[in-house]
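The values are calculated or read from the model by the stated rules, or taken from the named source; none is laboratory data. In this text the structure is predicted, and so the values were computed from the model without any measurement. Methodologically, a virtual Cβ is constructed for each residue, glycine included, from the backbone with ideal geometry; neighbour enumeration extends over all protein chains shown. To get the accessible areas, we keep the full protein, side chains included, count just its heavy atoms, and leave off ligands, DNA and RNA. Shrake-Rupley method; radii C 1.70, N 1.55, O 1.52, S 1.80 Å.
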Amino acid sequence: MTVYQRIVRWGWVAAIGLGVLGCDDAPQATSAPPPEVETLLLVPQPITLTRDLQGRTVAPEIAQIRPQVSGIVEKKLFTEGAIVKAGQPLFLLQKEVYQSALDQAEADLKQAQAARLAARLQYQRAQQLIGKNYISKQDYDNLRAALQQTDSSVAANEAAVEAAQINLRYTTITSPIDGQIGRSSITVGALLTANQETALVTVRRLDPMYVDMTQSGDDFLELRRAVDDGSMEPINIITHLLLQDGTQYEYVGKLQFADVAVDESTGAVSLRAAYPNPERYLLPGMFVRTRVEIGRREKGILIPQQAVQRTATGEPVVMVVDDNSKVHTVALVLNRSVGNTWLVDKGLSGGERLIVSAPSGLREGSEVRVSELASQGGS
């Protein structure tokens with residue numbers, strides 16, 4: 001190797017060495033940025049609280065038609081399954097016997113009225129004679145008593161005429177209510193007995209339709225307490241009906257009453273709602289599900305269920321971000337689920353930035369970068 005080659009070689013080695021030593025002056029790697037979290041700005045909102053209850057439809061009026069006088073059916077005046085009106089004739093019974101009884105009662109009444117007229121005239125003449133002592137006091141008293149007897153006889157015969165008229169009217173059997181008439185096994189020529197046990201036919205009023213429901217006594221007490229302490233506003237309670245196929249009934253119902261006692265065997269309170277039923281879609285005896293609006297909270301806080309965590313003791317907590325982008329843990333008191341959210345009773349009041357999505361490992365006081373979601377709205 002020549003002297004020139006040695007000089008070049010050692011020059012490259014020196015240059016490389018200087019380059020390596022110069023690495024100490026290179027900039028250091030920067031620290032990792034704070035983790036990014038998704039937050040939701042909580043805004044108080046009006047919330048209508050509902051409760052789903054099981055129920056059964058019940059006709060508001062049911063009339064079992066029975067004869068009030070005995071007789072043979074002469075005519076049947078309705079079509080089974082038809083809509084009938086109150087007072088509409090349904091059956092006609094043979095009325096000759098009852099018409100004859102009425103004629104006899106009216107004749108007896110006229111005879112009694114004539115006897116009373118004669119007794120009154122005799123008593124009036126006796127009143128003129130008694131003052132002149134032309135008749136004895138005994139005869140005068142007898143005439144007065146005879147007049148009173150004829151008055152009683154006339155009253156009894158008037159009552160007999162009225163009873164005969166009523167019996168004659170009962171030979172036309174009518175519907176006492178508006179409604180839909182059912183099936184009847186009675187035919188023309190059948191012999192009926194007054195007040196018989198077997199009903200001739202049944203009429204049911206179907207509009208409106210009642211729905212009887214039950215609510216647990218504990219839920220009822222919780223609702224009353226919420227209303228009393230002001231955390232919930234009572235509303236004019238309406239109900240929505242879900243049919244057996246899962247569809248929602250087009251009309252809304254109104255709660256009619258809540259029972260004044262708790263059933264000892266079930267621990268439940270009975271409720272009743274009324275629904276319009278003009279198309280007769282609802283029939284008595286159907287099982288249905290109702291959604292009852294039980295109250296309203298004017299400044300309710302709803303939070304997504306996925307934002308709630310549980311402590312080792314099962315207490316619900318959430319994480320929020322303050323104005324300095326620091327994480328804080330907040331303990332909650334939850335009321336109930338509303339769809340896929342929780343209704344908050346205590347812990348949050350609105351205005352907080354709730355963490356709904358974050359990487360694992362966040363702790364109290366951790367610094368984060370915030371990615372805002374839309375404000376909380378709707379129930």
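Once segment 297-359 is represented by equal point scatterers at the alpha-carbon sites, with solvent omitted, what log10 I(q)/I(0) does the Debye formula produce at q = 0.29 Å⁻¹?
Per q value, in the given order, log10 I(q)/I(0) is -1.45.
Would you pull out the residues with amide H under 5 Å of residue 357's amide H, same chain only if 5 or more places away, H placed 1.01 Å from N?
Amide H neighbours of residue 357, under 5 Å, 5+ apart: 38.
Label-point separation (nm) for residue 159 and residue 198, each offset 7 Å from Cα along Cα-to-Cβ?
3.5 nm
Counting Lys +1, Arg +1, Asp -1, Glu -1, what net charge surrounds residue 183 among other residues with beta carbon under 15 Å of its beta carbon?
Working: positive: 76, 204; negative: 80.
Result for the neighbourhood of residue 183: +1.
Taking 0.36 nm per residue of sequence separation and subtracting the Cα-Cα distance, how much length would be gained by fully extending the chain between residue 104 and residue 263, in nm to one decimal?
51.5 nm
Suppose the chain between residue 364 and residue 41 were pulled fully straight at 0.36 nm per residue; how much longer would it get relative to their current alpha carbon spacing?
Here the answer is 114.3 nm.
Accessible area per residue for segment 127-203 in Å², computed with a 1.4 Å probe and the full protein assembly in place, what is it?
On the way: 4690 Å² over 77 residues.
Normalised by residue count, the accessible surface of segment 127-203 is 61 Å².
Could you tell me whether segment 59-153 comes out rounded, prolate or oblate from its Cα gyration tensor? Rule is a ≥ b ≥ c as square roots of the eigenvalues, rounded for a/c under 1.5, then prolate if a/b exceeds b/c, otherwise oblate.
Working: a/c = 5.69, a/b = 3.63, b/c = 1.57.
Here segment 59-153 falls in the prolate category.
Tell me which lysines have Cα within less than 17 Å of residue 75's Cα, excluding those fewer than 8 residues away on the same chain?
Correct list for residue 75: 95.
Kindly report the accessible area of segment 294-345 per residue (heavy atoms of protein chains, probe 1.4 Å, no ligands, DNA or RNA), in Å².
Numbers: 2640 Å² over 52 residues.
The answer is 51 Å² per residue.
Check which residues have an amide H placed less than 5 Å from residue 201's amide H, if you skip close sequence neighbours.
Here the answer is 65, since their amide H atoms fall under 5 Å of that of residue 201.
Which is farthest toward the positive dipole end of segment 243-346 among 324, 338, 243, measuring Cα position about the Cα centre, with Cβ charges +1 (Lys, Arg) and -1 (Asp, Glu)?
Value: 324.
Given a Förster distance of 25 angstrom, what is the FRET efficiency for residue 245 paired with residue 216, based on the Cβ-Cβ distance and rounded to 0.05? Working shown, then result.
On the way: r = 27 Å, r/R0 = 1.07.
The formula returns an efficiency of 0.40 here.
Rounded if a/c is under 1.5, else prolate if a/b beats b/c, else oblate: with a ≥ b ≥ c from the C-alpha gyration tensor eigenvalues square-rooted, which is segment 257-379? Intermediate values should be presented prior to the final figure.
Values: a/c = 3.30, a/b = 2.36, b/c = 1.40.
It comes out prolate by the Cα gyration axes.
Accessible area per residue of segment 35-80 at 1.4 Å probe, in Å²? Mind dumping the intermediate values first?
Numbers: 2230 Å² over 46 residues.
Value for segment 35-80: 49 Å² per residue.
For segment 135-209, with the dipole built from +1 on Lys and Arg beta-carbon atoms and -1 on Asp and Glu ones, taken about the Cα centre, which of 187, 166, 143 lies farthest toward the positive end?
Value computed over the given set: 187.
Given a 1.4 Å probe and every protein chain left where it sits, what share in percent of the accessible area of segment 47-196 is carbon and sulfur?
Values: 4340 of 8880 Å².
It is 49 percent, rounded to a whole number.
Put +1 on the Cβ of every Lys and Arg and -1 on every Asp and Glu Cβ in segment 82-215; which of 88, 157, 124 then has its Cα farthest towards the positive end of the dipole?
The listed residue farthest towards the positive side: 124.
Could I have the simple spin-label model distance between residue 85 and residue 169, label points 7 Å from Cα toward Cβ, reported in nm to one decimal?
1.8 nm
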